[in-house]
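To start, the structure under review is shown below, and the notes come after it.
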Amino acid sequence: MARKLFLLVCEGETDLYIFQALSEYFSTDEAQLTIKSLSPQLDATSGTYPKHGFGEVLNWCSANKQKLQVLIDFQGARALFVQMDTDIAKQANPGCIEQGRSARECCQARLNQGFNALEEPPRCHYILPTQSTETWILASHIEPESDENGVEISDYEAIKDPEQRLIRLGYPSKKGKNKSSRKMNKQPASKYREYGKRLTENLPLARQRSRELERLCGLLAANST
């Protein structure tokens with residue numbers, strides 16, 4: 001069996017578990033797909049991952065822009081995935097949002113800026129979930145979501161509140177900054193292993209509902225033989 005390695009820079013531990021679940025799903029008797037996180041990295045002393053976010057993702061891109069291809073070659077990797085949720089587009093690239101461009105376009109432009117590139121560098125793929133990887137988890141539930149008029153939603157990337165919808169489905173929550181609001185409780189992050197398994201159990205349906213998930217799955221599937 002051939003081992004095919006993909007490198008990952010992502011917003012945090014929860015996202016890592018989702019990528020790992022997908023790589024396991026697309027592994028075959030001919031090819032074992034493996035995800036290795038370059039950032040965040042597991043702390044050998046504590047056995048935990050440090051806090052991470054879009055700022056750390058952008059910092060990593062800037063710090064490694066000159067050696068990106070050497071890094072991919074040195075690791076013997078097929079490609080590098082750079083994940084950033086597009087719910088932070090206004091913070092990451094406010095000028096772009098003010099011009100009326102989509103959140104994904106603005107996050108892509110900000111990553112290009114970090115790499116000092118006009119487009120994705122060779123063997124580097126931006127994975128930009130709208131609003132977040134929680135959208136993919138939501139898309140894996142059989143019962144469809146509806147808009148405010150009760151109309152079934154087919155494009156889950158149009159959903160603005162995936163975490164709130166998951167809470168209504170019974171996912172654990174905690175108080176938000178506003179005491180009257182709730183947000184998903186993502187601790188312990190290891191529970192995302194379970195969410196990743198749920199995603200892969202209904203992956204064909206979830207892929208139909210999210211273009212970005214479909215894109216990632218296509219990249220993984222292309223390396224499964």
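Quick look at the values:
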quantity	calculated
Nearest-20 debye value, the range 2-221 charge dipole, Cβ charges on Lys, Arg, Asp, Glu	660
Separation between Cα centres of the range 94-160 and the range 40-66, rounded to whole Å	22
Where labels lie 7 Å past Cα in the beta-carbon direction, separation of R182 and K67 in nm	4.7
In Hz, Karplus ³J(HN,Hα) per residue of the range 6-12 (6.51, -1.76, 1.60; θ = phi - 60°; x = Gly, Pro)	10, 8, 9, 10, 9, 6, x
FRET efficiency for E24 and F74, using Cβ-Cβ distance with R0 set to 25 Å, rounded to 0.05	0.55
Antiparallel content of DSSP bridges confined to the chain, in %, to 5	20
Interchain or long-range residues, amide H under 5 Å from C10's placed H	S39, Q83
Ellipticity estimate at 222 nm from DSSP helix runs (n ≥ 4, -39,500 (n - 2.57)) divided over the chain, nearest 500	-12000 deg cm²/dmol
Length released on extending from K191 to A44, taking residue separation times 0.36 nm less the Cα-Cα span	50.8 nm
Cross-link reach list, lysines versus K90, counting only Cα pairs under 30 Å and skipping chain neighbours closer than eight places	K36, K51, K65, K67, K160, K174, K175, K177, K179, K183, K186, K191
Residue among R168, R211, R110 with the largest mean-square fluctuation in a Gaussian network model of the chain, springs linking Cα atoms under 10 Å	R168
Amide proton proximity set for Q32, modelled H, under 5 Å, gap of 5+	A2, R3, K4
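Throughout, read-outs are computed from the coordinates displayed, never taken from laboratory work. Since we're looking at a predicted model, the values are computed, not measured. Methodologically, a virtual Cβ is constructed for each residue, glycine included, from the backbone with ideal geometry; neighbour enumeration extends over all protein chains shown.
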